[in-house]
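The values are calculated or read from the model by the stated rules, or taken from the named source; none is laboratory data. Everything numeric in this text was worked out from a predicted model, so none of it was measured. Virtual Cβ from ideal backbone geometry, glycine too; neighbours counted across all protein chains shown. Remember, those area values only see protein heavy atoms, side chains included, never the ligands or the DNA or RNA. Shrake-Rupley method; radii C 1.70, N 1.55, O 1.52, S 1.80 Å.
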Amino acid sequence: MYPPAPVNRSERVHDADVAIRQTDSDAALARLSAVRKGYLNDRFISSLLPRAHLQPLRPPLINIGTYVRSEAIDRLVEQWLELSTAEGQLCQIVSLGAGSDTRFWRLMDGPRKEQIGAYFELDFPDVTLKKAMAIRNPKSGLSTILGHSELDLGGQALHSSRYHLLPCDLRNPPADIFPGLFKEYLSPALPTLLLFECVLVYMSPEASSNLIQWFVDFFSPSTRTPSPGTLGCTVYEMFGLEDAFGQVMMNNLRARNVSLPGAKPYSSLESLPTRFLRHGFTSAKALTLRNIKSDYIEPSELERISSLEMLDEVEELNLVLEHYAITWGVKTSVSAATMSPWIEWGLRPVEQLAEIA
């Protein structure tokens, strides 16, 4: 969420993938901090972090940014489940670059757990190996919620009746890896939501485009599936890094041997929905985290989080939130586009929420 501090040259990590994987640890530690300070509820995050009780708290700016990001994506996922329920269908969720995310367990601990037909998490093999070990650790409590599970691929993959942890490098051609990876677990007939949280920005535009196109093709009408499920997609990442603030962020990341090739095509908020529209999505929209905080979170909730910590860097917070965005898009069949309830999927401003209530 917050531009990382520069490091000494002697401390630079030369393996770019190690540096990218470290960003997941940063995000997990930020979430742990937000939970401990009362911004978020997540009783599972500590199970995926070593020595969680010894980890230091993050500054208020990071805690608030983590809260806004999580709150917005939670609402998108919850609304997807609500629409699936209204349609009388189970749904699928595919989290790409899932890292230490706890969403599956939080959903299984909630009221709509029966609505999920299948949940997939994909990441680097060493990431999935560590996560599988944490899940199978009896002390974590994660396996209790998961139920019976089986390891595969030398412990890098894990399967249960609804949850699938799959190892892969998302930069590789998806047509070469996905058919064998998903096997028969992923159904083209069910409404399916893709989650990308700070993933595509680390990939080349060509690789991320190929990734999205594979899912578009998979959920297109075919002789096997004449009426495929609706495809939804959510992306959270930084953008518009050409200004002074963005250059500082880029320089600090370069000091950690991290580059952001996926950010270059998206210099403005208006450019973000084109990521989906060029692939034939029915609709797409993007909001900065600052937009979301000011117009999409209820005043009572904003008052609650403002009471948790003293924040002195208000201008700096706004600047950071202006450089992160959540984009969502939905692709449904052309014949149903004008009447499909899926077209209404998305974040709603506080005024609309009040009207619905």
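Rule-of-thumb check for the chain: C-alpha Rg over 2.2 N^0.38 Å?
On the way: Rg = 19.7 Å, N = 357, 2.2 N^0.38 = 20.5 Å.
Taking N as the residue count of the chain, the ratio is 0.96.
Taking the DSSP beta bridges in the chain as the whole, what percent of them are antiparallel, to the nearest 5? Don't jump to the answer; show the numbers that get you there.
Numbers: 20 of 42 bridges.
The antiparallel fraction comes to roughly 50 percent.
Over all pairs of different C-alpha atoms in region 33-136, the reciprocal of the mean inverse distance, the Kirkwood hydrodynamic radius, equals 15.2 Å.
Is any residue of region 168-182 close enough, with backbone N under 18 Å, to a label point placed 7 angstrom from the Cα of ARG224 along the Cα-Cβ axis, and if so, which? Flagged as within label range: 174-182. Lysine pair count for the chain (Cα-Cα distance under 19 Å; residues 8 or more apart in sequence or on different chains): 6. Which cross-chain or sequence-distant (5 or more) residues have an amide H under 5 Å from the amide H of LEU40, H modelled 1.01 Å from N in plane? Correct list: VAL35. Between GLU316 and TRP214, the distance separating the two model label sites (each 7 Å from Cα on the Cα→Cβ line) works out to 4.0 nm. Charging the Cβ of each Asp and Glu at -1 and of each Lys and Arg at +1, and nothing else, the dipole of region 203-261 about its Cα centre rounds to 200 debye.
Using the Cα centre as the reference, give the magnitude of the dipole from point charges on the C-beta atoms of region 159-224 (Lys, Arg: +1; Asp, Glu: -1; all else neutral), rounded to the nearest 20 debye.
Working: 4 positive and 6 negative charges, 45 e Å.
For region 159-224, the charge dipole is close to 220 debye.
Quote the charge dipole size of the chain about the Cα centre in Debye, to the nearest 20; the model charges only the Cβ of Lys and Arg (+1) and of Asp and Glu (-1). If you can, show how the numbers build up before the last one.
Details: 34 positive and 42 negative charges, 165 e Å.
Roughly 800 debye, rounded to the nearest 20.
Each of LEU194, HIS164, MET133 was placed along the dipole of region 103-197 (beta-carbon charges, centred on the mean Cα), and the one lying farthest toward the positive end is MET133.
Ellipticity at 222 nm from helices only: DSSP H runs of n ≥ 4 in the chain, each -39500 (n - 2.57), divided by the residue count, give -12000 deg cm²/dmol.
Surface listing: VAL258, VAL35 arranged by accessible area from highest to lowest gives VAL35, VAL258, probe 1.4 Å. Each Lys or Arg adds one and each Asp or Glu subtracts one; over the other residues with Cβ under 13 Å from the Cβ of GLY329, this totals +4. For the options ARG278, ARG136, ARG75, a Gaussian network treatment of the chain with springs between C-alpha atoms closer than 10 Å singles out ARG278 as fluctuating the most. The separation of region 191-257 from region 17-87, counted between C-alpha centres, amounts to 19 Å.
Place the peptides 291-300, 166-175, 59-68 in order of packing, highest mean first, counting for every residue the other Cβ atoms within 10 Å and averaging per peptide.
On the way: 291-300: 15.6, 166-175: 17.5, 59-68: 22.6.
Descending mean neighbour count gives 59-68, 166-175, 291-300.
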